[in-house]
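The structure under discussion appears below in the form of structure tokens.
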Amino acid sequence: MNLPPTIADFFRMKNAHEDDGLWTLFAPDAVIIDGGEGTEMRGADEIEKWIKKAISGLNLHTEIRNCEERDGTYIVDTVMSGDFKASPARFQYFITLRDGKISALRSEFLGSVK
């Protein structure tokens with residue numbers, strides 16, 4: 001699968017639990033919409049807090065099933081497992097890049113695969 005380097009780094013770092021550097025992949029004015037949590041974050045400070053709350057410490061592992069680019073947005077179909085109630089679960093990520101950084105990321109919970 002041919003992922004843009006920034007998107008590949010996002011999932012690699014997330015799986016390696018390199019959470020401290022994860023926020024550096026985002027543009028300073030990036031927007032995240034976490035469909036699983038029903039929250040929206042804007043800017044580096046809020047994104048860094050979201051990473052600590054929604055990613056760090058949950059022992060997450062994300063398997064990428066498919067990725068396609070549609071009108072400038074990369075749609076990444078995944079199965080995520082970890083320390084959360086619906087694990088393992090399907091998530092789709094909608095990621096937009098600008099100048100090599102993530103400018104927008106939306107994740108949608110598609111249900112448990114138990």
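The values are calculated or read from the model by the stated rules, or taken from the named source; none is laboratory data. Small disclaimer: the values here were computed from a predicted structure and weren't measured. Neighbour counts run over all protein chains shown; Cβ positions are idealised from the backbone, glycine included. These accessible areas exclude ligands, DNA and RNA; they are computed on the full protein's heavy atoms, side chains included. Shrake-Rupley method; radii C 1.70, N 1.55, O 1.52, S 1.80 Å.
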*Heavy-atom accessible area per residue, the chain, 1.4 Å probe: how many Å²?*
55 Å²
*Looking at (1) 116; (2) 94; (3) 160, which value of volume of the Cα convex hull per residue in Å³ comes from a calculation on the structure shown?*
(2)
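With n ≥ 4 as the cut-off for DSSP H runs, can you work out [θ] at 222 nm for the chain, using -39500 (n - 2.57) per run divided by the number of residues, rounded to the nearest 500? Can you show the working numbers first?
Values: 3 runs with 27 residues, N = 114.
Estimated from H runs of four or more residues: -6500 deg cm²/dmol.
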*asked:* If you take every DSSP beta bridge fully contained in the chain, what fraction is antiparallel? Give it as a percent rounded to 5.
replied: 85 percent
*asked:* Skipping prolines and chain starts, which residues have an amide H placed within reach, meaning under 5 Å, of the one on Leu110, given they are 5 or more residues away or on another chain?
replied: Arg90, Phe91, Gln92
*Provide the gained length on full extension for the span Arg65 to Arg90, in nm with one decimal, where the gain is 0.36 nm per separating residue minus the Cα-Cα distance.*
8.0 nm
*asked:* If packing is taken as the average number of other Cβ atoms within 10 Å across a peptide's residues, how do 102-110, 20-28, 68-76 rank, most packed first?
replied: 102-110, 20-28, 68-76
